[in-house]
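Some notes on the structure that comes next.
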Amino acid sequence: MIDSSGNTRRESNRTAMTSLEAILDESRRTVIFTGAGISTESGIPDFRSPNGIWSKFTPVYYQDFVASEDARREAWRRKLIVDRDMRGAKPNRGHRAVAQLVHQNDVNCVITQNIDGLHQESGIAEDRIIELHGNSTYATCLDCESRHELESILADFSRDETLPLCDNCGGIVKTATVSFGQSMPRAAMDRAEAETLGCDLFIAIGSSLVVYPAAGFPVLAKQNGARLVIINREPTDLDGLADVVLNEEIGATLGDAVGVS
Ligand code: NAD
Ligand code: ZN
């Protein structure tokens, strides 16, 4: 809520839960937007945590991946390391609460920056999830876009660093994520924009809201007249825009508000 001095009010967990429930009840159409923070309770480090796997590597740019076998080998070596954290990760209380809201039709869709596939695994139908940065649980051919499973790719690569090629067309195969330097997926961006413009409540969860263009969606929602709620352990760049900011742990806050364990 905005207080009388015009500042966004940070709320205690108890009032926060009440107001989150009340705000959800009042909304006609709600969009949830998630970032890496919703998956830390599943054991996947977020982008900014010190010593997180992501902070150890400079990114392999898309252009380099396409142009150079060395860059592709480096990217797949990293994938083997990152996969140790991601593989076996299960949806946590925060994911389950979001899934419950979608099942109850209290939430229309989930726009996610995450690439871990945990919203799908929590039981949300594919057509209710919009992935802005792709998905790292499978790979695709850059030419014919056919899907390739990681298991055999990683088995071959860990044996002798064999680079995967498409068995359909011979093209280069890459995890289905959006790399630095790669263009954003047009269909996902269009759907996210339409959902954002169609909602009257936008809840951003577990994102530092600094990665653009993704972080443009909460801004767009607010500019279009929706209420904006931010749930994140730390302050974000967009707190000043929000109607409610909850600096809380995601699993407990959402789980209590939705009644999910
Ligand atoms: P970020 O790391 O920039 O921000 C995550 C935020 O979540 C942080 O501000 C942190 O304080 C907060 N947070 C972490 N755990 C929390 C918890 N349990 N409760 C409350 N708050 C918590 O993440 P971002 O904004 O999503 O941007 C990172 C980029 O890296 C994204 O584009 C994403 O694609 C990618 N990424 C994805 C994953 C994943 O798929 N799980 C993991 C790391 C990075
Ligand atoms: Zn192909």
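The values are calculated or read from the model by the stated rules, or taken from the named source; none is laboratory data. Please read all numbers here as calculations on a predicted model, not as lab measurements. Virtual Cβ from ideal backbone geometry, glycine too; neighbours counted across all protein chains shown.
Are there any pairs, at least 6 apart or on different chains, whose C-beta atoms fall under 6 Å, with the first in the range 18-45 and closer than 24 Å to residue 216 by Cα and the second β-branched (Val, Ile, Thr) and at pLDDT below 95, and if so, which?
Listed pairs, sorted by first residue: 45/53.
In the range 173-196, how many are more than 16 Å from ligand 1 (Cβ to nearest atom), surrounded by fewer than 17 Cβ atoms within 10 Å (Cβ to Cβ) and aliphatic (A, V, I, L, M)?
Residues that pass the stated criteria total 2.
Considering the range 144-168 alone, what residues qualify as being assigned to a loop (DSSP other than H, G, I, E, B), surrounded by 12 or more Cβ atoms within 10 Å (Cβ to Cβ) and either near ligand 2 (Cβ under 10 Å from one of its atoms) or not polar (S, T, N, Q) (or both)? Reasoning before the result, please.
Of the range 144-168, the ones assigned to a loop (DSSP other than H, G, I, E, B) are 144-146, 149, 161-164, 166-168.
When the remaining residues are screened for being surrounded by 12 or more Cβ atoms within 10 Å (Cβ to Cβ), the result is 145-146, 161-164, 166, 168.
Those that are assigned to a loop (DSSP other than H, G, I, E, B), surrounded by 12 or more Cβ atoms within 10 Å (Cβ to Cβ) and either near ligand 2 (Cβ under 10 Å from one of its atoms) or not polar (S, T, N, Q) (or both): 145, 146, 161, 163, 164, 166, 168.
Tally up the residues in the range 196-246 that are free of Cβ contacts under 8 Å to residues at least 60 places away in the same chain, in contact with a strand residue (DSSP E or B) (Cβ under 8 Å, 6 or more places away or on another chain) and either outside the structural domain of residue 34 (by TED's automatic domain parsing) or not aliphatic (A, V, I, L, M) (or both), please.
Here the count works out to 3.
Which residue out of 118, 163, 142 is within 16 Å of ligand 1 (Cβ to nearest atom) and on the phi < 0 side of the Ramachandran plot?
Within the list 118, 163, 142, the selection yields 118.
Quick check on my filter: what residues within the range 1-49 are under 21 Å from residue 235 (Cβ atoms) and at pLDDT 90 or above?
Listed by number, the residues that qualify are 23, 32, 33, 34, 35, 36, 37, 38, 39, 40, 41.
For the range 115-142, give me each residue that is more than 22 Å from residue 204 (Cβ to Cβ) and touching a strand residue (DSSP E or B) at 6+ places or on another chain (Cβ under 7 Å).
Correct list: 138, 139, 140, 141, 142.
Is it true that residue 98 is under 28 Å from residue 25 (Cα atoms) and not in a loop (DSSP other than H, G, I, E, B)?
Numbers: under 28 Å from residue 25 (Cα atoms): yes; not in a loop (DSSP other than H, G, I, E, B): yes.
Yes.
Name the one entry in 187, 221, 215, 194 that is more than 16 Å from ligand 2 (Cβ to nearest atom) and in contact with a Cys (Cβ under 7 Å, 6 or more places away or on another chain). Let's see the steps before the verdict.
On the way: 187 fails: in contact with a Cys (Cβ under 7 Å, 6 or more places away or on another chain); 215 fails: in contact with a Cys (Cβ under 7 Å, 6 or more places away or on another chain); 194 fails: in contact with a Cys (Cβ under 7 Å, 6 or more places away or on another chain).
The unique qualifying residue is 221.
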